[in-house]
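Data block below; observations after.
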(Lines give C-alpha, C1' and ligand atoms only; values in the text may rest on other atoms or scores of the structure.)
Protein backbone atom coordinates (compact mmCIF):
# COMPACT_ATOMS: atom_id res chain seq x y z
CA UNK A 1 0.00 0.00 0.00
CA UNK A 2 1.30 3.46 -0.85
CA UNK A 3 1.20 6.18 1.77
CA UNK A 4 0.78 9.87 0.95
CA UNK A 5 3.57 11.91 2.46
CA UNK A 6 5.36 15.21 2.62
CA UNK A 7 8.96 15.70 1.54
CA UNK A 8 9.94 18.85 3.45
CA UNK A 9 12.59 17.32 5.68
CA UNK A 10 15.88 15.94 4.39
CA UNK A 11 16.75 12.39 5.43
CA UNK A 12 19.03 12.27 8.44
CA UNK A 13 22.59 11.45 7.48
CA UNK A 14 24.86 8.89 9.06
CA UNK A 15 22.34 6.19 9.96
CA UNK A 16 24.14 3.19 11.34
CA UNK A 17 21.97 0.32 10.22
CA UNK A 18 24.33 -2.64 10.45
CA UNK A 19 22.19 -5.04 8.47
CA UNK A 20 23.31 -8.60 8.03
CA UNK A 21 21.94 -11.34 5.78
CA UNK A 22 22.03 -15.00 6.72
CA UNK A 23 22.88 -17.81 4.31
CA UNK A 24 20.53 -20.17 2.57
CA UNK A 25 19.68 -21.37 -0.92
CA UNK A 26 16.64 -19.27 -1.67
CA UNK A 27 17.37 -16.31 0.59
CA UNK A 28 18.21 -15.34 4.12
CA UNK A 29 16.68 -13.41 6.95
CA UNK A 30 17.74 -9.77 7.01
CA UNK A 31 18.28 -8.28 10.46
CA UNK A 32 15.44 -5.88 11.09
CA UNK A 33 16.33 -2.49 12.60
CA UNK A 34 13.63 -1.74 15.13
CA UNK A 35 14.90 1.52 16.63
CA UNK A 36 15.77 3.61 13.54
CA UNK A 37 14.45 7.19 13.63
CA UNK A 38 13.09 8.99 10.58
CA UNK A 39 11.75 12.47 9.85
CA UNK A 40 8.02 12.79 10.56
CA UNK A 41 5.93 12.49 7.42
CA UNK A 42 8.65 10.76 5.42
CA UNK A 43 7.99 7.57 3.49
CA UNK A 44 10.36 5.76 5.80
CA UNK A 45 8.52 6.88 8.94
CA UNK A 46 5.13 5.93 7.54
CA UNK A 47 6.26 2.53 6.32
CA UNK A 48 7.99 1.91 9.65
CA UNK A 49 4.80 2.77 11.51
CA UNK A 50 2.73 0.51 9.27
CA UNK A 51 5.20 -2.34 9.68
CA UNK A 52 4.55 -3.54 6.14
CA UNK A 53 5.14 -2.58 2.53
CA UNK A 54 4.47 -3.71 -1.04
CA UNK A 55 7.32 -4.33 -3.46
CA UNK A 56 7.09 -4.87 -7.19
CA UNK A 57 9.50 -7.40 -8.69
CA UNK A 58 9.79 -9.93 -11.51
CA UNK A 59 8.45 -13.45 -11.09
CA UNK A 60 10.15 -15.01 -14.13
CA UNK A 61 13.87 -14.28 -13.94
CA UNK A 62 16.20 -16.91 -12.43
CA UNK A 63 18.69 -15.40 -10.01
CA UNK A 64 16.91 -12.05 -9.70
CA UNK A 65 13.18 -12.59 -9.22
CA UNK A 66 11.67 -16.02 -9.72
CA UNK A 67 8.47 -17.26 -8.11
CA UNK A 68 9.25 -20.22 -5.86
CA UNK A 69 7.17 -23.26 -5.05
CA UNK A 70 5.70 -21.42 -2.06
CA UNK A 71 4.51 -18.58 -4.34
CA UNK A 72 7.12 -16.21 -2.89
CA UNK A 73 9.73 -14.76 -5.27
CA UNK A 74 13.41 -15.49 -4.75
CA UNK A 75 16.52 -13.81 -6.13
CA UNK A 76 18.93 -10.91 -5.88
CA UNK A 77 16.31 -8.21 -6.44
CA UNK A 78 14.18 -9.76 -3.72
CA UNK A 79 17.09 -9.75 -1.28
CA UNK A 80 17.99 -6.13 -2.10
CA UNK A 81 14.39 -5.16 -1.33
CA UNK A 82 14.59 -7.02 1.99
CA UNK A 83 17.72 -5.08 2.99
CA UNK A 84 15.87 -1.80 2.41
CA UNK A 85 12.72 -3.00 4.16
CA UNK A 86 14.69 -4.28 7.14
CA UNK A 87 16.29 -0.86 7.56
CA UNK A 88 12.77 0.49 8.19
CA UNK A 89 11.91 -2.22 10.71
CA UNK A 90 9.86 -4.31 8.28
CA UNK A 91 10.07 -8.09 8.58
CA UNK A 92 10.42 -10.30 5.50
CA UNK A 93 6.99 -11.80 6.03
CA UNK A 94 5.44 -8.30 6.16
CA UNK A 95 6.42 -7.62 2.54
CA UNK A 96 3.73 -8.15 -0.08
CA UNK A 97 5.29 -9.07 -3.42
CA UNK A 98 3.54 -7.86 -6.56
CA UNK A 99 4.53 -9.00 -10.02
CA UNK A 100 5.89 -5.99 -11.91
CA UNK A 101 6.52 -7.01 -15.51
CA UNK A 102 8.45 -4.63 -17.74
CA UNK A 103 5.37 -3.10 -19.33
CA UNK A 104 3.69 -2.03 -16.05
CA UNK A 105 6.52 -0.96 -13.75
CA UNK A 106 5.98 2.79 -14.05
CA UNK A 107 2.23 2.35 -13.84
CA UNK A 108 2.17 0.41 -10.57
CA UNK A 109 4.39 3.08 -9.00
CA UNK A 110 2.24 5.95 -10.28
CA UNK A 111 -0.97 4.21 -9.20
CA UNK A 112 0.37 3.65 -5.68
CA UNK A 113 0.05 -0.12 -5.93
CA UNK A 114 3.63 -0.56 -4.69
CA UNK A 115 6.02 1.35 -2.46
CA UNK A 116 8.99 0.55 -4.68
CA UNK A 117 9.96 -1.59 -7.66
CA UNK A 118 13.11 -3.72 -7.63
CA UNK A 119 12.85 -5.61 -10.90
CA UNK A 120 15.94 -5.59 -13.16
CA UNK A 121 14.83 -2.01 -13.85
CA UNK A 122 17.21 -0.16 -16.17
CA UNK A 123 17.56 3.55 -15.40
CA UNK A 124 16.85 5.70 -18.43
CA UNK A 125 15.66 9.24 -19.14
CA UNK A 126 12.24 8.28 -20.47
CA UNK A 127 11.33 6.33 -17.33
CA UNK A 128 12.81 9.02 -15.09
CA UNK A 129 10.24 11.43 -16.45
CA UNK A 130 7.56 9.40 -14.64
CA UNK A 131 9.31 8.01 -11.56
CA UNK A 132 12.38 8.58 -9.39
CA UNK A 133 15.23 6.05 -9.42
CA UNK A 134 17.44 5.17 -6.48
CA UNK A 135 20.73 3.52 -7.33
CA UNK A 136 22.06 2.10 -9.50
CA UNK A 137 22.70 -1.01 -7.44
CA UNK A 138 23.90 -3.24 -10.30
CA UNK A 139 25.39 -2.84 -13.79
CA UNK A 140 24.22 -5.36 -16.41
CA UNK A 141 24.60 -5.52 -20.18
CA UNK A 142 22.48 -6.86 -23.02
CA UNK A 143 23.44 -10.07 -24.80
CA UNK A 144 21.91 -12.81 -26.99
CA UNK A 145 20.84 -16.37 -26.16
CA UNK A 146 20.37 -19.02 -28.84
CA UNK A 147 19.93 -22.78 -29.09
CA UNK A 148 23.17 -24.65 -28.43
CA UNK A 149 23.29 -25.98 -32.01
CA UNK A 150 22.81 -22.54 -33.60
CA UNK A 151 26.02 -21.56 -35.40
CA UNK A 152 24.59 -18.80 -37.61
CA UNK A 153 24.11 -16.17 -34.87
CA UNK A 154 27.30 -15.22 -33.05
CA UNK A 155 26.35 -11.66 -32.04
CA UNK A 156 23.88 -8.87 -32.77
CA UNK A 157 25.63 -7.96 -36.03
CA UNK A 158 24.54 -11.30 -37.51
CA UNK A 159 20.82 -10.56 -37.16
CA UNK A 160 20.59 -8.45 -40.32
CA UNK A 161 22.41 -11.18 -42.26
CA UNK A 162 19.75 -13.66 -41.08
CA UNK A 163 16.52 -11.74 -41.78
CA UNK A 164 14.34 -14.83 -41.31
CA UNK A 165 15.53 -15.31 -37.74
CA UNK A 166 13.08 -14.31 -35.01
CA UNK A 167 14.31 -12.41 -31.96
CA UNK A 168 12.30 -12.50 -28.74
CA UNK A 169 12.20 -9.95 -25.94
CA UNK A 170 9.65 -8.44 -23.56
CA UNK A 171 7.18 -5.62 -24.16
CA UNK A 172 8.23 -2.37 -22.50
CA UNK A 173 11.79 -3.50 -21.83
CA UNK A 174 14.96 -1.62 -22.67
CA UNK A 175 16.39 -4.63 -24.57
CA UNK A 176 13.36 -4.73 -26.87
CA UNK A 177 14.16 -1.17 -27.96
CA UNK A 178 17.96 -1.50 -28.06
CA UNK A 179 17.89 -4.55 -30.34
CA UNK A 180 15.95 -2.80 -33.11
CA UNK A 181 19.01 -1.14 -34.64
CA UNK A 182 20.50 -4.58 -35.30
CA UNK A 183 17.43 -6.02 -37.09
CA UNK A 184 16.80 -6.24 -40.81
CA UNK A 185 13.16 -5.27 -40.11
CA UNK A 186 10.75 -4.93 -37.21
CA UNK A 187 9.15 -8.20 -38.37
CA UNK A 188 12.06 -10.04 -36.79
CA UNK A 189 11.04 -8.93 -33.29
CA UNK A 190 8.65 -11.06 -31.23
CA UNK A 191 7.42 -9.62 -27.93
CA UNK A 192 5.89 -11.34 -24.91
CA UNK A 193 4.97 -10.05 -21.48
CA UNK A 194 7.49 -12.21 -19.58
CA UNK A 195 10.84 -13.79 -20.43
CA UNK A 196 9.67 -17.30 -19.56
CA UNK A 197 7.60 -17.21 -22.75
CA UNK A 198 10.66 -16.20 -24.78
CA UNK A 199 12.62 -19.14 -23.34
CA UNK A 200 9.75 -21.50 -24.15
CA UNK A 201 9.54 -20.11 -27.69
CA UNK A 202 13.28 -20.65 -28.15
CA UNK A 203 12.98 -24.19 -26.85
CA UNK A 204 10.21 -25.14 -29.28
CA UNK A 205 11.75 -23.37 -32.27
CA UNK A 206 9.26 -20.53 -32.60
CA UNK A 207 12.09 -18.01 -32.21
CA UNK A 208 15.83 -18.21 -32.87
CA UNK A 209 17.18 -15.67 -30.40
CA UNK A 210 16.25 -14.31 -26.98
CA UNK A 211 17.74 -11.00 -25.93
CA UNK A 212 17.83 -9.28 -22.57
CA UNK A 213 20.46 -8.54 -19.92
CA UNK A 214 23.30 -11.05 -19.65
CA UNK A 215 22.75 -12.03 -16.02
CA UNK A 216 19.11 -12.89 -16.74
CA UNK A 217 20.09 -14.98 -19.76
CA UNK A 218 22.74 -16.79 -17.72
CA UNK A 219 19.96 -17.92 -15.41
CA UNK A 220 18.01 -19.43 -18.29
CA UNK A 221 21.15 -21.07 -19.69
CA UNK A 222 21.95 -22.64 -16.32
CA UNK A 223 18.47 -24.16 -16.13
CA UNK A 224 18.35 -25.35 -19.75
CA UNK A 225 20.36 -28.58 -19.43
CA UNK A 226 22.71 -27.38 -22.21
CA UNK A 227 19.83 -26.54 -24.54
CA UNK A 228 20.77 -22.81 -24.69
CA UNK A 229 23.99 -20.81 -24.90
CA UNK A 230 25.04 -17.16 -24.87
CA UNK A 231 26.77 -15.72 -27.93
CA UNK A 232 28.80 -12.58 -28.54
CA UNK A 233 29.75 -9.94 -26.02
CA UNK A 234 27.42 -7.65 -24.11
CA UNK A 235 26.63 -4.66 -26.31
CA UNK A 236 24.91 -2.23 -23.95
CA UNK A 237 25.25 -0.98 -20.38
CA UNK A 238 22.16 -1.44 -18.22
CA UNK A 239 22.30 0.21 -14.77
CA UNK A 240 19.60 -1.29 -12.55
CA UNK A 241 17.77 1.14 -10.29
CA UNK A 242 14.99 1.01 -7.69
CA UNK A 243 11.83 2.77 -8.82
CA UNK A 244 9.83 4.91 -6.39
CA UNK A 245 7.27 7.70 -6.55
CA UNK A 246 8.37 10.66 -8.67
CA UNK A 247 10.03 13.39 -6.62
CA UNK A 248 10.47 11.43 -3.38
CA UNK A 249 14.16 12.31 -3.12
CA UNK A 250 14.13 11.74 0.63
CA UNK A 251 13.25 8.07 0.17
CA UNK A 252 15.71 7.83 -2.72
CA UNK A 253 18.56 9.13 -0.57
CA UNK A 254 17.64 6.74 2.23
CA UNK A 255 17.71 3.76 -0.16
CA UNK A 256 21.10 4.78 -1.54
CA UNK A 257 22.53 5.33 1.93
CA UNK A 258 21.16 2.01 3.17
CA UNK A 259 22.81 0.05 0.38
CA UNK A 260 26.11 1.93 0.62
CA UNK A 261 26.29 1.23 4.36
CA UNK A 262 25.48 -2.44 3.95
CA UNK A 263 27.78 -3.73 1.24
CA UNK A 264 28.43 -6.96 3.15
CA UNK A 265 24.72 -7.77 3.09
CA UNK A 266 24.62 -6.79 -0.59
CA UNK A 267 27.49 -9.15 -1.49
CA UNK A 268 26.02 -11.94 0.61
CA UNK A 269 22.65 -11.48 -1.13
CA UNK A 270 24.35 -11.79 -4.53
CA UNK A 271 26.34 -14.88 -3.61
CA UNK A 272 23.23 -16.69 -2.33
CA UNK A 273 21.17 -15.89 -5.44
CA UNK A 274 22.44 -14.72 -8.84
CA UNK A 275 26.00 -15.51 -7.81
CA UNK A 276 25.19 -19.22 -7.76
CA UNK A 277 24.66 -19.14 -11.53
CA UNK A 278 27.71 -20.33 -13.47
CA UNK A 279 29.46 -17.51 -15.29
CA UNK A 280 28.47 -14.66 -12.99
CA UNK A 281 30.91 -12.52 -11.03
CA UNK A 282 30.35 -10.84 -7.69
CA UNK A 283 29.70 -7.16 -8.47
CA UNK A 284 30.93 -4.06 -6.74
CA UNK A 285 28.10 -1.84 -5.56
CA UNK A 286 28.08 1.17 -7.93
CA UNK A 287 28.20 4.71 -6.69
CA UNK A 288 24.62 6.03 -6.63
CA UNK A 289 23.38 8.76 -8.93
CA UNK A 290 22.02 11.99 -7.52
CA UNK A 291 18.38 11.73 -6.46
CA UNK A 292 16.04 13.90 -8.53
Original post:
Considering the range 159-181 alone, what residues qualify as being over 18 Å from the mean Cα position of the chain (by Cα) and touching a residue at least 40 places away in the same chain (Cβ under 8 Å)?
Top reply: 159, 162, 165, 166, 167, 168
Original post:
Is it the case that the range 241-257 has a residue that's over 30 Å from residue 90 (Cβ atoms), touching a strand residue (DSSP E or B) at 6+ places or on another chain (Cβ under 9 Å) and in a loop (DSSP other than H, G, I, E, B)?
Top reply: no
**OP:** Taking residue 261 as meeting all but one of (1) more than 22 Å from residue 127 (Cα to Cα); (2) in the same structural domain as residue 157 (by TED's automatic domain parsing); (3) in contact (Cβ under 8 Å) with a residue 12 or more places away in the chain, write down the number of the exception.
**Re:** (2)
Original post:
Within the set of pairs 6+ apart or on separate chains, which have a first residue in the range 222-249 that is at positive phi, a second that is part of a loop (DSSP other than H, G, I, E, B), and C-beta atoms under 7 Å apart?
Top reply: 226/148; 232/154; 232/155; 247/7
Subject >> Sole residue being in contact with a helix residue (DSSP H, G or I) (Cβ under 7 Å, 6 or more places away or on another chain) and assigned to a loop (DSSP other than H, G, I, E, B), chosen from 234, 206 >> reply: 234
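Given the residues 109, 104, which is the only one that is surrounded by fewer than 24 Cβ atoms within 10 Å (Cβ to Cβ), touching a residue at least 40 places away in the same chain (Cβ under 8 Å) and either in contact with a helix residue (DSSP H, G or I) (Cβ under 7 Å, 6 or more places away or on another chain) or not assigned by TED's automatic domain parsing to the domain that holds residue 213 (or both)?
Values: 109 fails: surrounded by fewer than 24 Cβ atoms within 10 Å (Cβ to Cβ).
The match here is 104.
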Subject >> Leading residue by the ranking (nearest to the chain's Cα centre (by Cα)) among those in the range 245-255 that are surrounded by fewer than 24 Cβ atoms within 10 Å (Cβ to Cβ) and closer than 27 Å to residue 216 by Cβ >> reply: 245
**OP:** Would you please name the residue that is surrounded by the most Cβ atoms within 10 Å (Cβ to Cβ), looking only at residues in the range 158-177 that are out of contact with any helix residue (DSSP H, G or I) (no Cβ under 7 Å at 6 or more places or on another chain) and within 16 Å of residue 230 (Cβ to Cβ)?
**Re:** 175
Subject >> Filter result for residue 119 (modelled with pLDDT of 95 or more, surrounded by fewer than 21 Cβ atoms within 10 Å (Cβ to Cβ) and within 24 Å of residue 257 (Cβ to Cβ)) >> reply: no
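The values are calculated or read from the model by the stated rules, or taken from the named source; none is laboratory data. Worth saying up front: this structure is predicted, and the values here are computed from it rather than measured. Cβ sites come from the backbone with ideal geometry, for glycine too, and all protein chains shown count toward neighbours.
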